[in-house]
Each structure stands twice: as structure tokens, then as C-alpha cells.
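**Student:** The structure is given below, and queries will be raised subsequently.
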Amino acid sequence: MSNALHDLPSGRDHEHASGRVLYGYWRSTAAYRVRIALHHKGLAFDNHPVSLIKDEQHKADYLALNPQGLVPALVDNGVRLTQSLAICEYLDDAYWDTPRLLPAEPLARARVRALAQLIACDTHPLNNLRVLRYLAAELGADDAAKQCWIHHWVGTGLAAFEALLAESAGHYAVGDTISLADVCLVPQLYSARRFNVPLDAYPRTVALGDRLEALQAFKLAHPDQQPDAK
């Protein structure tokens with residue numbers, strides 16, 4: 001598949017053969033979450049790379065698809081969606097006969113959402129590419145300062161995740177069924193290792209990540225398996 005973006009007017013004009021297209025970047029942890037969800041649910045999709053390094057997310061054709069200029073974006077049979085957690089919840093509701101990522105029981109559902117949001121809202125955004133670029137370009141942070149920033153905020157998030165697992169974990173993050181919390185955890189661990197964040201203080205979290213990474217859906221979604229992997 002070509003890495004070049006094409007004109008993206010609206011609706012069904014975005015669709016490929018499967019009727020479902022994921023616009024993402026191989027190393028984006030947010031896109032990684034959606035890939036896991038799609039594979040876990042057995043939903044076929046075309047993977048359309050958007051290079052964040054080449055700033056393709058800021059080109060007019062992509063902004064017509066996602067005005068925020070971020071990945072991922074999903075086009076599902078004419079419906080355009082953004083934000084990884086919203087996409088995953090949409091998939092859960094629209095394809096109710098596939099494995100669910102959000103449990104029906106209220107307390108379990110709240111715990112799944114809390115863990116997922118801990119990663120997706122409070123941890124990941126502080127160490128993504130646009131934040132690191134701003135630290136360097138606007139605040140003069142060098143590589144050492146950026147590394148310190150990443151270690152602090154990722155460590156803070158993983159410490160909280162570790163503590164909350166004591167209340168909720170079974171074989172997976174919440175009970176014995178894969179959930180949105182697990183979908184969010186694995187990409188964050190990938191990012192932590194990429195930036196050499198020490199993980200010894202989070203044994204329960206790392207063990208859970210290892211179990212998840214051995215599953216086929218998580219293997220297929222791994223950044224190294226994507227068409228634009230460098």
C-alpha cells in the first residue's frame with residue numbers, strides 16, 4: 001500500500017475494499033490501541049499509513065478527514081471517527097456480537113474505563129510526538145531533559161496502574177476477560193520500553209503486558225508488523 005495520502009473528500013469516498021480503513025502511524029500508541037481492538041474483534045480493515053515524521057497529519061487532505069490533525073482516524077462504511085477510546089467504544093457498540101471490550105456490569109465497566117483513561121488521557125498525551133517537539137522547539141529542552149520528562153510522567157502513570165490492578169485484576173486487567181484497559185496498556189508499555197523507562201517497580205503490570213503480548217490480536221497489532229514500520 002502506498003504511504004501517500006490521496007484526496008479524502010467525505011463519507012464512502014474514503015472506503016477501501018473492506019469498507020473499513022484505519023488511518024494511523026506504525027509507532028503511534030493511540031493507533032496501536034485501535035489496531036488491537038480491531039484484531040481482537042475479528043474486524044477486517046485496510047491500514048492506511050499517515051507519517052507523523054513527515055507531517056502528513058497536517059496536510060489538507062488529512063485535515064479534511066480529521067480536523068485535529070492526529071492519528072488515528074477510522075472510516076467504517078462511510079462513518080468517520082476520531083479519538084482512539086471513542087473508536088473502540090463505537091466498535092464495541094456497533095459490533096455487539098464480537099468480543100466485548102467494555103463489561104456490562106457497572107463496577108467492572110467503571111474500572112475498565114478508569115484504567116483505560118489513566119493511560120490514554122493522563123499518561124500517553126504527555127509523551128507523544130507533538131509534546132516532545134514543543135518541549136524542544138519552544139522551551140529549549142535537550143534530549144536529556146525530554147528523557148527525564150518522559151520517565152517522570154510514564155512512571156507516574158504506570159505506578160497508578162500497578163496500584164489499581166490490585167483491586168481489579170484477574171487474568172487480565174479487570175477480571176478474566178480482555179478489556180479496553182488491556183488494549184491501552186500494551187501500547188503504553190511499548191512506548192515505555194522505547195524510551196528506556198525503568199519497569200522494575202511495576203511487576204504486576206509488566207506480567208500482565210507479557211501475557212497480552214503473546215495473544216494473536218496483540219501480535220498482529222504490534223508496530224513492527226505494520227506496513228509503514230521503519
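The values are calculated or read from the model by the stated rules, or taken from the named source; none is laboratory data. It should be emphasised that the depicted structure is a prediction, and the values quoted were computed from it without experimental measurement. Glycine gets a Cβ as well: all are built from the backbone with ideal geometry, and neighbour counts include every protein chain shown. Heavy atoms of the whole protein, side chains included, go into the accessibility calculation; ligands, DNA and RNA do not. Shrake-Rupley method; radii C 1.70, N 1.55, O 1.52, S 1.80 Å.
**Student:** Under the Kirkwood approximation for Rh and a Cα-based Rg, what ratio Rg/Rh is obtained for segment 91-162? Don't skip to the answer; put the middle values down first.
**Tutor:** Working: Rg = 16.8 Å, Rh = 14.4 Å.
Across segment 91-162, the Cα-based Rg/Rh ratio is 1.17.
**Student:** What number, rounded to the nearest 500 deg cm²/dmol, is the helix-based mean residue ellipticity at 222 nm of the chain, given -39500 (n - 2.57) per DSSP H run of at least four residues and division by all its residues?
**Tutor:** Value at 222 nm, helices only: -15500 deg cm²/dmol.
**Student:** Using the Karplus equation 6.51 cos²θ - 1.76 cosθ + 1.60 (θ = phi - 60°), what ³J(HN,Hα) coupling, rounded to whole Hz, does each residue of segment 193-201 give in order, writing x for Gly and Pro?
**Tutor:** Values per residue, Gly and Pro as x: 5, 4, 9, 6, 6, x, 10, 4, 7 Hz.
**Student:** Okay, next question. With θ taken as phi - 60° and the coefficients 6.51, -1.76 and 1.60, list the Karplus ³J(HN,Hα) couplings across segment 139-154 in order, rounded to whole Hz; mark glycine and proline as x.
**Tutor:** Working through the residues one at a time gives 10, x, 5, 8, 4, 5, 5, 5, 5, 4, 4, 4, 4, 5, 6, 5 Hz.
**Student:** Also, I was wondering about something else. Multiplying the sequence separation of ASN77 and ASP142 by 0.36 nm and subtracting their Cα-Cα distance, what value in nm do you get? Walk me through the numbers before you get to the answer.
**Tutor:** Details: separation 65, 0.36 × 65 = 23.40 nm, distance 4.42 nm.
Extra length available between ASN77 and ASP142 comes to 19.0 nm.
**Student:** Report relative contact order for the chain in percent, whole number only (criteria: Cα-Cα under 8 Å, sequence separation at least 6).
**Tutor:** Numbers: 319 pairs, mean separation 54.3, N = 230.
RCO, the chain: 24 percent.
**Student:** Of the cross-linked pairs LYS54/LYS146; LYS54/LYS230; LYS54/LYS219, which ones have a Cα-Cα span greater than 23 Å in the structure shown?
**Tutor:** Values: LYS54/LYS146 21 Å; LYS54/LYS230 13 Å; LYS54/LYS219 26 Å.
Cα-Cα > 23 Å for LYS54/LYS219; rest within.
**Student:** Stretched out fully, how many nm does the piece from HIS58 to ASN196 gain, at 0.36 nm a residue minus the Cα gap? Mind dumping the intermediate values first?
**Tutor:** On the way: separation 138, 0.36 × 138 = 49.68 nm, distance 2.90 nm.
Stretched out fully, the HIS58 to ASN196 stretch lengthens by 46.8 nm.
**Student:** Rank by packing, highest mean first: peptides 184-191, 55-62, with packing defined as the count of other Cβ atoms within 10 Å averaged across residues.
**Tutor:** Values: 184-191: 24.8, 55-62: 15.1.
Highest mean packing first, the order is 184-191, 55-62.
**Student:** Compare LEU81, LEU107, LEU43 in a GNM of the chain, Cα atoms joined below 10 Å, and give the one with the largest fluctuation.
**Tutor:** Looking only at LEU81, LEU107, LEU43, the biggest GNM fluctuation is shown by LEU107.
**Student:** Additional query: If you build a Gaussian network model of the chain, linking Cα atoms that sit under 10 Å apart, which residue out of TRP26, TRP96, TRP153 swings the most?
**Tutor:** For the chain, modelled as a Gaussian network with Cα springs under 10 Å, the answer is TRP96.
**Student:** According to a simple spin-label model (label point 7 Å from Cα along Cα-to-Cβ), what is the distance in nm between GLU167 and ASP93?
**Tutor:** Result for the modelled spin labels: 2.5 nm.
**Student:** If you rank LEU220, LEU70 by how much accessible surface each has, with a 1.4 Å probe, what is the order from largest down?
**Tutor:** Details: LEU220 80, LEU70 45 Å².
From most exposed to least exposed: LEU220, LEU70.
**Student:** Let me ask another. Kindly report the accessible area of segment 12-82 per residue (heavy atoms of protein chains, probe 1.4 Å, no ligands, DNA or RNA), in Å².
**Tutor:** Numbers: 2540 Å² over 71 residues.
Here the per-residue accessible area is 36 Å².
**Student:** First check a/c for the chain, with a ≥ b ≥ c the square roots of the eigenvalues of its C-alpha gyration tensor; if it is under 1.5, answer rounded, and if not, answer prolate when a/b is larger than b/c or oblate otherwise. Before the final figure, lay out each step's value.
**Tutor:** Details: a/c = 1.90, a/b = 1.12, b/c = 1.69.
Cα axes put the chain in the oblate bin.
**Student:** Something else about it: Long-range amide H contacts for ALA169: which residues qualify at under 5 Å (H placed 1.01 Å from N, peptide plane, sequence gap of 5 or more or a different chain)?
**Tutor:** GLY175
**Student:** Right, here's the next one. Over the C-alpha atoms of segment 178-230, what are the Rg and the largest Cα-to-Cα span, Dmax, in Å?
**Tutor:** When restricted to Cα atoms, segment 178-230 yields Rg and Dmax of 11.4, 34 Å.
**Student:** Now, a different point. Please label the shape of segment 137-228 as rounded, prolate or oblate, based on the square roots a ≥ b ≥ c of the eigenvalues of the alpha-carbon gyration tensor (a/c under 1.5 means rounded; beyond that, a/b larger than b/c means prolate, else oblate). The partial results should precede the final answer.
**Tutor:** Details: a/c = 2.64, a/b = 1.42, b/c = 1.86.
Oblate is the answer for segment 137-228, as a/c is 1.5 or above yet b/c matches or exceeds a/b.
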